[in-house]
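The values are calculated or read from the model by the stated rules, or taken from the named source; none is laboratory data. Please read these numbers as outputs of a predicted model, since none were measured by experiment. Cβ coordinates were reconstructed from backbone atoms using ideal geometry, including for glycine residues, and neighbour counts include every protein chain displayed. With ligands, DNA and RNA removed, areas are computed over all heavy atoms of the protein, side chains included. Shrake-Rupley method; radii C 1.70, N 1.55, O 1.52, S 1.80 Å.
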Amino acid sequence: RSKGFYWLATRPMNMGEWSQAGAILSMSNAGPWFVDLPPEDWPDDEAVKDEIVRDFVDDIGDHRNEIVFIGTFEQGDQARISEALDQCLVSDSEFKEYKDKTLSMEDPFESWDVPFEVVEEEDEEAEEEDEMEESTEV
């Protein structure tokens, strides 16, 4: 079993969510990174904000790869997993291109059907519709 979050160079504004059990791996859009959100969209609770900011690093904020593997491993499994994941990382020169906004690479992943922002708008529209329906019911 494994789970966590990842940062894709080809989708820098959205946090990827990794969830794996057995042979099934799900990789999906977990929404925007906090560093990319305006302060008014952050949680109101100061303790929660402090916890979020603790994960910030220099100019990349909370963008990161954080995946936890749970279970029993055989000799060499951890090294093989680390090596495979390290192969997925951008190089130093690619990271410089990313920061300079000149990085161009193919995105090998399936589409995340609906961007997080659109889902939020749809949720708000649905809530407004529900409120209108409730106000017209007598």
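List of remarks:
- Qualifying positions in segment 19-31 - loosely packed, with under 10 Cβ neighbours inside 10 Å and of a type in the set (A, V, I, L, M): A23, I24
- Filter pass, F34 being out of contact with any Ser or Thr (no Cβ under 8 Å at 6 or more places or on another chain), crowded, with 16+ Cβ neighbours inside 10 Å and either in contact (Cβ under 8 Å) with a residue 40 or more places away in the chain or at positive phi (or both): no
- Those residues of segment 16-37 which are over 10 Å from the mean Cα position of the chain (by Cα) and either over 18 Å from I60 (Cα atoms) or part of a strand (DSSP E or B) (or both), in sequence order: S19, Q20, A21, G22, A23, I24, L25, S26
- Of all the residues in segment 51-74, those that are closer than 16 Å to F5 by Cα, assigned to a loop (DSSP other than H, G, I, E, B) and more than 16 Å from the chain's Cα centre (by Cα) number 1.
- Residues in segment 75-88 that are within 18 Å of the chain's Cα centre (by Cα) and surrounded by 12 or more Cβ atoms within 10 Å (Cβ to Cβ): L85 only.
- Top-ranked residue in segment 1-15 [being open to solvent by 40 Å² or more (accessible area, probe 1.4 Å) and not in a loop (DSSP other than H, G, I, E, B); ranked as nearest to I70 (Cα to Cα)]: K3
- Among the candidates G4, G16, the residue that is of a type outside the set (K, R), farther than 17 Å from V90 by Cβ and touching a strand residue (DSSP E or B) at 6+ places or on another chain (Cβ under 6 Å) is uniquely G4.
- Taking the criterion of being open to solvent by less than 60 Å² (accessible area, probe 1.4 Å) and not in a helix (DSSP H, G or I), the residues of segment 38-50 that qualify are P38, W42, P43.
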